[in-house]
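**Student:** Got a structure for you, written out below as structure tokens; questions coming shortly.
The values are calculated or read from the model by the stated rules, or taken from the named source; none is laboratory data. Bear in mind the structure is a predicted one, so any value in this text is a computation, not a measurement. Every residue, glycine as well, gets a Cβ built from its backbone with ideal geometry; the counts of neighbours run over all protein chains shown.
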Amino acid sequence: MARDTGPQCKQCRREGQKLFLKGERCLTEKCGVERRSYPPGEHGRGRVRASEYRLQLREKQKARRFYQVLERQFRNYYEKAARQPGVTGENLLQLLERRLDNVLVRLGFAASRRQARQLINHGHWLVNGRRVDIASYQVRPDDLITIKPESNAVDVVRQATELTAAVPPWLQADHDALTAKVLRLPDRSEISAPVSEQLIIELYSK
């Protein structure tokens, strides 16, 4: 399975803002963006030449890193979004939001997408009573998400729920029973990803 194993704090610094890739650490003074707010590398503090292409590329990279997907995966999501009816940018974000690893983070059942992906790959989560071990699994309305009854990750999941302030209105979570339900598909106003999808669409449309 392909995955990004590079330093995560450097990714946030490169994009100039917190992408919350390391869960609880991002809320402390140890956060890389808090300690060094400039891009990594020898020329991190140098002047950057602004261009339209650079803005579009950085927005795409930010979205890709926020959702923790690889380049080819992201391109496939764009092509799928372009084939669907409606606004391509909103379709793209909706597809990314519906990934099971992202949904677990939104529900508060994982502190980060990397942790969520590990829990999924190890078979700790059930969707509609069936084990799902694919992090990119697309949830649908009325899906029921539950932790495996004999799972030994219950304590880890409960610790993650303590970091959750709110659950998006398109999801419903029971943090005591560690169960959740997908009520409907998310609207654009309910997606809190720090990206401008229009710039991404402009980049891929060239």
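**Student:** Restricting attention to region 164-186, report how many residues are among the charged types (D, E, K, R), modelled with pLDDT of 95 or more and either touching a helix residue (DSSP H, G or I) at 6+ places or on another chain (Cβ under 9 Å) or in a loop (DSSP other than H, G, I, E, B) (or both).
**Tutor:** 1
**Student:** Can you work out which of the residues in region 94-124 that are of a type in the set (S, T, N, Q) and within 15 Å of the chain's Cα centre (by Cα) is farthest from Glu150 (Cα to Cα)?
**Tutor:** Among residues in region 94-124 that are of a type in the set (S, T, N, Q) and within 15 Å of the chain's Cα centre (by Cα), the one farthest from Glu150 (Cα to Cα) is Gln94.
**Student:** What number goes with the only condition from (1) outside the structural domain of Ala160 (by TED's automatic domain parsing); (2) at pLDDT below 90; (3) under 29 Å from Thr146 (Cβ atoms) that Lys18 does not pass?
**Tutor:** (3)
**Student:** What number goes with the only condition from (1) more than 17 Å from the chain's Cα centre (by Cα); (2) closer than 16 Å to Phe74 by Cα that Asn91 does not pass?
**Tutor:** Tallying (1) more than 17 Å from the chain's Cα centre (by Cα); (2) closer than 16 Å to Phe74 by Cα, Asn91 fails exactly one: (1).
**Student:** Could you say whether any residue in region 130-152 is under 16 Å from Leu100 (Cβ atoms), surrounded by fewer than 16 Cβ atoms within 10 Å (Cβ to Cβ) and small (Gly, Ala, Ser)?
**Tutor:** Taking every residue of region 130-152 in turn, none turns out to be under 16 Å from Leu100 (Cβ atoms), surrounded by fewer than 16 Cβ atoms within 10 Å (Cβ to Cβ) and small (Gly, Ala, Ser).
**Student:** Something else about it: Can you spot a residue in region 69-83 that is crowded, with 20+ Cβ neighbours inside 10 Å and under 30 Å from Arg158 (Cβ atoms)?
**Tutor:** Yes, some residue in region 69-83 is crowded, with 20+ Cβ neighbours inside 10 Å and under 30 Å from Arg158 (Cβ atoms).
**Student:** Where residues in region 179-194 are within 13 Å of Gln94 (Cβ to Cβ) and among the hydrophobic types (A, V, I, L, M, F, W, C), which of them is surrounded by the fewest Cβ atoms within 10 Å (Cβ to Cβ)?
**Tutor:** By that ranking, first place goes to Leu185.
**Student:** Quickly run through region 61-88 and pick out the residues that are over 16 Å from the mean Cα position of the chain (by Cα) and assigned to a loop (DSSP other than H, G, I, E, B).
**Tutor:** The answer is Gln84, Pro85, Gly86, Val87.
**Student:** Please go through region 105-123 and give me each residue that is closer than 15 Å to Ala166 by Cβ and out of contact with any His (no Cβ under 9 Å at 6 or more places or on another chain), ordered by number.
**Tutor:** Residues satisfying the conditions are Val105, Arg106.
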